[in-house]
Structures are given as structure tokens and as C-alpha cells.
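Participant: This is the structure, below, for whatever I ask next.
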Amino acid sequence: MTHQVHAFEPPERFVAGTVGPPGERTFFLQARGGGRLVSVALEKVQVSLLAEKLEELLTEAQRRFGVDLPEVPPAVGDNEPLDTPVDEEFRVGTLGLAFDVDTATVVIEAIAAGEVEAEVELGDEDEVDDDDEDDDEPDEDLDRLRVRLTPQATRQFIERARRVVNAGRPPCPLCGQPLDPAGHLCPRHNGYHR
């Protein structure tokens, strides 16, 4: 079976977004460019970790390579909903990050979950490289979404991703579990509604 590589270098738009009401949201990464629209589904924790690791990657690129980083963009940014139709190409199993020193761009690769594998793998600070290929590549027969972003576009993506993750149900001040509009059974109150 052949695999597809959806490459956007650079995309016209690359965002994290959701479909559905809080508590039932499905998270997506969506790239648009060249008349194409690709949406891939992933977990909320993957979006949160992606934003966190992208921030670390930018900081490390600045420290190691002297890359000029833009200021944190204003909170307004891109608040538009996902482009329609939102057709899931695949569910993300692995996320990979790299910094290309030659072009001063961030490369994000979302790889489809294999039949056995479904985990989050985000590079740490030591994996900042100058476009070297890893020897332990995930299965080459899996679909992937590859996006190349400028540091400015990466900052905008990070800010939107954080807003999307935080836009869900508010946490219970006692136990931290999400509160439904009708409340929830709080373990800290021995099962009484909060």
C-alpha cells in the first residue's frame, strides 16, 4: 500500500482547531495551500505538547544558532474556524519537530498512527538539527503531513494552539477534572454534585 506525504512548504494557513461541543471535541491540525486542504485528527494532549515543544525548539534555535525570534504575537491572531470540509485524512500517532538552519524554518511532521503504535513522540532540545535525517525513522509506509513554518508563523501557531486547548470545559477547582454545564460528581466531595 502506498503512503502519501502531504507537504506544505510553506502553507497559506496552518492551525490547530476543534470540531464539536466542549467535552466531545475532536482536535485537528489543518494545513491549506496550493488549492489543497488537509486535516489530520489528534488528541488534545498532543496539541498541548506540540505547542510546548515548539516553544522549546524556538528557544533552543535562538540559543544555539542565534535565530532572531519574533515577539510573542498579540492574543488576537487567527481566530477563524477550521476551513470546511473537515475531512480527516488520518489520525496522528507520532509528531516530529526539527529546525532547518539553512532556511531558518521549523519543520513539523505529523505521522499517521500505525496499527500497533499510537504515541506522542516530540523531539527534545537535543534534537535540534540542521536538516539531518534520523536513522530510526518511523514506518515509511505511513501517511504524513509535513509543514515548514517561519519562526513568526510558528509563534502564531503556538498561541492559537494554546487558546484552542484552553477553550474547553473549565476545571473543577477542587479535583481538576472538567466541569460539565450541569456540574460533575467531584471525588473530593465524596461523589456529591459540584
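The values are calculated or read from the model by the stated rules, or taken from the named source; none is laboratory data. The model shown is predicted, which means the values in this text are computed figures rather than measured ones. For neighbour counting, all protein chains shown are included, and Cβ atoms are generated from backbone atoms with ideal geometry for every residue, glycine included. Calculation scope for accessible area: heavy atoms of the full protein, side chains included, ligands and nucleic acids excluded. Shrake-Rupley method; radii C 1.70, N 1.55, O 1.52, S 1.80 Å.
Participant: What is the distance, in nm, between label points placed 7 Å from the Cα along the Cα-to-Cβ direction at residue 101 and at residue 64?
Facilitator: Simple spin-label model gives 0.8 nm for this pair.
Participant: Same structure again: Among 95-102, 34-41, how do they line up by average Cβ neighbours within 10 Å per residue, starting with the highest?
Facilitator: Values: 95-102: 18.0, 34-41: 16.5.
The peptides rank, most packed first, as 95-102, 34-41.
Participant: In nm, to one decimal, how far is the modelled label at residue 5 from the one at residue 84, with both set 7 Å along Cα→Cβ?
Facilitator: In this crude label model, residue 5 to residue 84 measures out at 3.4 nm.
Participant: Could you compute how much accessible surface residue 140 exposes when probed at 1.4 Å, giving the result in Å² to the nearest 10?
Facilitator: 90 Å²
Participant: 5 Å is the cut-off here: which amide hydrogens, built 1.01 Å from N in the peptide plane, fall below it relative to residue 179, excluding neighbours closer than 5 in sequence?
Facilitator: Placed amide hydrogens put 172 under 5 Å from residue 179.
Participant: Hey, another quick one. Under a crude label model (7 Å from the Cα following the beta-carbon direction), how far is residue 188 from residue 12 in nanometres?
Facilitator: Inter-label distance under the simple model: 4.7 nm.
Participant: Also, I was wondering about something else. Rounded to the nearest 10 Å², what accessible area does residue 43 have for a 1.4 Å probe in the complete protein model?
Facilitator: Solvent-accessible area, nearest 10 Å²: 100 Å².
Participant: Within the accessible area of segment 1-54, what % is carbon and sulfur when the probe is 1.4 Å and the other protein chains stay in place?
Facilitator: 50 percent
Participant: Continuing with the same structure: To the nearest 10 square angstrom, what accessible area does residue 103 show with a 1.4 Å probe?
Facilitator: 80 Å²
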